[in-house]
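J.: Dumping the structure here so I can ask a few things about it.
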Amino acid sequence: MSDGAWRRRAARAWLRTVFDDGEIQEILTDVDELAGDRPGLRGLAVRAAMIARYPVLELGDRIHGNMTSGGTRMRQMGEDMRLVARRLFRRPGFALTSMAILALGLGAVIAVHSVVKGVLLDPLPVGEPDRLVALWMVDTEGKRHRMTPGNVRDVAALTDVFSHVAAFGRSEVTFHTRDGAPPTVLRGGAVTPGYLATLGLEPVLGRAFVEADGDPNTEPVVIVSHHVWEQYFGSDPDVIGRLIDLGDNAWRVVGVAPRSLYPTSATVAGGLPFTEADQDFFRPLRYGGDYWTLRRPHLLGGIARLAPGMTPESAEAALETLSTRLQGEYPSNRNEHVVFSSLTEEVVGDVRPALLVLQLSVFLVFAIAAVNVGSLFLIREEDRRSERAVARTLGATPLRLLSQRILEAGIICGSAFVLGAVLSAGFIDVMQALVPYHIPRLGEVSVDVQALGLGAVLSLLLAVVFGGASRALGSARPTALARVSQPSSGRLQALLITSQSALAVVVLVSALLLTRSFQALQATDPGFRAAASWTLGLHGAGYDTDLVLERVRALPGVRSAAVAYNHPFERTWEDGFALVNRPMPNDDSASVASIRPYGDGYFDAAGIPLREGRLPDLLDHEGEVRMAVVNEAFRRRYLPDGIGGSLRIRIPSADRRLGEGNSVYQVVGVVGDVRFLGPEADPEPAIYVPLRHFSVPGYQLLVRPASQGSVQLQAVRQAVYEALPEVAVDEAGTLAELHSQALARPRFNMMLIATLSATALLLCTLGSYGIVARTMSTRRREIGIRAALGAAGAVITRAVVVRALRPMALGVVLGVGASLAMSRVLRSLLFGLSPVDPISLIGGPLLLLLVAGAGALIPALRALSVDPAETLRIE
């Protein structure tokens, strides 16, 4: 097409916003006469300026006329309202379908944006959250560890860098309500006295901890959480000063904490989980001075507040200087650095990728829905061509017809927004009820005003696009009845199909990637072979586990039972160790392993296989030489030559519990790896040590049935209660259930995106159905003639379906390119799978084409089933 033709087409498109075709031709003739033969850029500029002013001047005249005849304009608007309402009520299917599709899309957008804002964007409920950081130790491999007491003390000494530094750990106690009810397990934090001050918070009642509260020789004090104060003390303000039984001690309540404290526990995967389940109470860390000199183990979470005027870059440099000094002074710090990260990112960081992918997917599906509704408006405008031509002949102006279309689209989009706002509250409730894993602050989310504003803006934009762009869609054409029956080209409809197909491919490929990733995750070996084993948490003080085991092992159908500090999917503390009679490989003097105390029969009860050597027996536990077992990850990293000979290791944390010189263990066996941190995490080195050598605050009871279903949970609970009625039991379930819970997050992400992709697929199928149905309707006479002349039905069907799928195929190509661009967003959610997985990149588009092709066949076959003679007779 020549440059002149392009310029003339652009001029017509601009003028058509106000004028009809006859007026446009007159204007172009006038411009040619006035511009004359001016050559080059000067002539182009003159023509462009003249063409540009015509619509502006015309609209100015019309607005002035409307202002001088306001009453007439108001009457016209009332008439237009009644006319549009009659049209919508006369054909409610179009209006209801459009409103339903848009309402679902807008409701999802409002709900997800509210969740994203409430979880990711709103500041934490603490003082100046952007100044709060989480403290970590990082080894040479980049792995993060919790802080050691000595390193916390060293960081706290940097008063010019951090105005406040606090440490915290996990604490579990049994709570006796004094009303005869069974004891309850409360989970909270053991914190340094400056914990609340570091967070910038004050108790809602009472006082915060003071330095004297951390002295082990003072009276034990506790701050209860807001929900414990409400649930167990009826919001009684006189709770301050009351003594309550926590475990085997009486604690004096000195304060009530505000809601939603962060952080809490420091004992699960990632080192710093932030769950509401660990905020029942806060007690001071009560240790003597020697405790704060320890360089092992990694026991404590750490938080700090940047000093006024201190920048993160300067703080990083100060910590690097501190790390260099500590590496020279302490061998245990040789391969570790002290670092910090944003506390807000630690709270929301692990759910950020999933929420952002969800938000992007919802916007894509909403865009597909909007395109689908746009196709409905296009078809409606085509059907009303004759009606508009008659209206123009009777004197209706283009501006009034335009206002009617915008008014109609505004009613539909506005109603969809109102309905979507109502639905969004329900969507949030459903998400809060069905999400099977913890999302920080999700329980506090409600419909957000900003999200409602976003929905209103989207509705307004759609109303303008659907109503105001109809002239560009080819809906307002000629002034004469001669073109009443002329069908439009359908190019825009093909463009809409291309657009929604491209968007659908992105969602489909994402769903396939997450599905294949989940399958890979599900196929990983958790490391145990006793999925039916029950695990129960036992909480209390000073009880005899042998009595519990005797009762449980006597139950019919029990193969084995044991106690341990934790179950296979629970993280424990990490400690350094040293090989006593063998050099460390690679001069790894700062070696760290997970310390896992266990009881007799644990490996059989948990189904953890023996790989090398033997398991210690009762005689070994009573002997002078203590026995230990390591896992395969430990052997691979630290014992490449195996455990042959009299291999011994020294564990510093055992010295603190058993006395100096009593921490040497002989390694006698190697057991299989267990993925302690979840199916997606690699097994970490672990040392299994006898439980009797360590004093722990609680136990996990594992009961392995002789066969599936041979032991019921209630029977185990009853046996525990009969043996020790003062022990609190919680967290009961099978190892298979724990494994399933570990998969809950990727499973839910997969199902959510799969649901959105199914919605996108349905919308695209409806789009292909609509375009073929429209084609068969507008070309009925042509198809009837071809069939009457002997054209095979298969040939006609193929031509029609290919015509429908051609724009979809172009959309598929564009969608694959967009999916590749989106791969970086999905990378963090995938396990064992590349974001450019060829099966997903091919399978998504292929699935779309197959399903949409099947949808296109239905109207084609239905039209061909009609007798050609009947079709021609009707025409």
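J.: Quick one: residue 839 ticks every box in (1) part of a helix (DSSP H, G or I); (2) under 22 Å from the mean Cα position of the chain (by Cα) except a single one, so which number is it?
T.: For residue 839, the exception is condition (2).
J.: Might you check whether a residue that is in the same structural domain as residue 325 (by TED's automatic domain parsing), surrounded by fewer than 18 Cβ atoms within 10 Å (Cβ to Cβ), touching a strand residue (DSSP E or B) at 6+ places or on another chain (Cβ under 9 Å) and among the basic types (Lys, Arg) occurs anywhere in the range 198-209?
T.: Yes: one or more hits.
J.: Could I ask something else about it? Identify all residues within the range 231-251 that are under 17 Å from residue 185 (Cβ atoms) and in a strand (DSSP E or B); write none if there are none.
T.: 244, 245, 246, 249, 251
J.: Specify the residue that is farthest from the chain's Cα centre (by Cα); the eligible residues are those in the range 701-752 that are of a type in the set (Asp, Glu) and not in a loop (DSSP other than H, G, I, E, B).
T.: Narrowing the range 701-752 to residues of a type in the set (Asp, Glu): 722, 726, 730-731, 737.
In the following step, the residues that additionally are not in a loop (DSSP other than H, G, I, E, B) were identified as 722, 730-731, 737.
Values: 722: 44, 730: 28, 731: 25, 737: 22 Å.
The qualifying residue farthest from the chain's Cα centre (by Cα) is 722.
J.: Which of the residues spanning the range 296-323 are touching a Lys or Arg at 6+ places or on another chain (Cβ under 8 Å) and within 10 Å of residue 133 (Cβ to Cβ)?
T.: Once the filter is applied, which keeps residues that are touching a Lys or Arg at 6+ places or on another chain (Cβ under 8 Å) and within 10 Å of residue 133 (Cβ to Cβ), the range 296-323 yields 302, 305, 306.
J.: So, one more: Do you know which residues across the range 358-376 are modelled with pLDDT of 80 or more, more than 27 Å from the chain's Cα centre (by Cα) and farther than 12 Å from residue 499 by Cα?
T.: Once the filter is applied, which keeps residues that are modelled with pLDDT of 80 or more, more than 27 Å from the chain's Cα centre (by Cα) and farther than 12 Å from residue 499 by Cα, the range 358-376 yields only 373.
J.: Further question: For the structure I just gave you, tell me whether residue 853 is small (Gly, Ala, Ser), modelled with pLDDT of 75 or more and over 29 Å from residue 351 (Cβ atoms).
T.: Against the criterion (small (Gly, Ala, Ser), modelled with pLDDT of 75 or more and over 29 Å from residue 351 (Cβ atoms)), residue 853 qualifies.
J.: Here is a list of conditions, (1) touching a His at 6+ places or on another chain (Cβ under 6 Å); (2) without any contact (Cβ under 8 Å) to a residue 12 or more places away in the chain, and residue 242 meets all of them except one; can you say which number that is?
T.: Answer for residue 242: the failing condition is (1).
J.: Looking only at residues in the range 526-557 that are in contact with a strand residue (DSSP E or B) (Cβ under 6 Å, 6 or more places away or on another chain) and of a type in the set (A, V, I, L, M, F, W, C), which one is modelled with the lowest pLDDT?
T.: 530
J.: Only strands (runs of 3 or more DSSP E) wholly contained in the range 127-204 count here; list those with 1 or more residues that are among the small types (Gly, Ala, Ser), farther than 14 Å from residue 283 by Cα and in contact with a Lys or Arg (Cβ under 7 Å, 6 or more places away or on another chain).
T.: Working: elements: 132-139, 162-175, 184-191.
Hits in the range 127-204: 162-175.
J.: Of the residues 496, 521, 513, 536, only one is closer than 30 Å to residue 729 by Cα and either touching a residue at least 24 places away in the same chain (Cβ under 8 Å) or not in a loop (DSSP other than H, G, I, E, B) (or both); which?
T.: Just a single option satisfies the conditions, and that option is 536.
J.: Yes or no: the range 669-676 includes at least one residue that is in contact (Cβ under 8 Å) with a residue 40 or more places away in the chain, farther than 29 Å from residue 521 by Cα, among the aromatic types (Phe, Trp, Tyr) and in the same structural domain as residue 598 (by TED's automatic domain parsing).
T.: No, the range 669-676 contains no residue that is in contact (Cβ under 8 Å) with a residue 40 or more places away in the chain, farther than 29 Å from residue 521 by Cα, among the aromatic types (Phe, Trp, Tyr) and in the same structural domain as residue 598 (by TED's automatic domain parsing).
J.: Of the conditions (1) of a type outside the set (A, V, I, L, M); (2) assigned to a helix (DSSP H, G or I); (3) modelled with pLDDT of 75 or more; (4) surrounded by 15 or more Cβ atoms within 10 Å (Cβ to Cβ), residue 806 fails just one. Which one is it?
T.: (4)
J.: Among what's in the range 553-572 and is crowded, with 17+ Cβ neighbours inside 10 Å and among the basic types (Lys, Arg), pick the residue that is nearest to the chain's Cα centre (by Cα).
T.: Among those residues, the one meeting the criterion is 571.
The values are calculated or read from the model by the stated rules, or taken from the named source; none is laboratory data. Just so you know, these numbers come straight off a predicted model, no measurement behind them. When we count neighbours, we look across all protein chains shown, and the Cβ atoms used for this are built from the backbone with ideal geometry, even at glycine.
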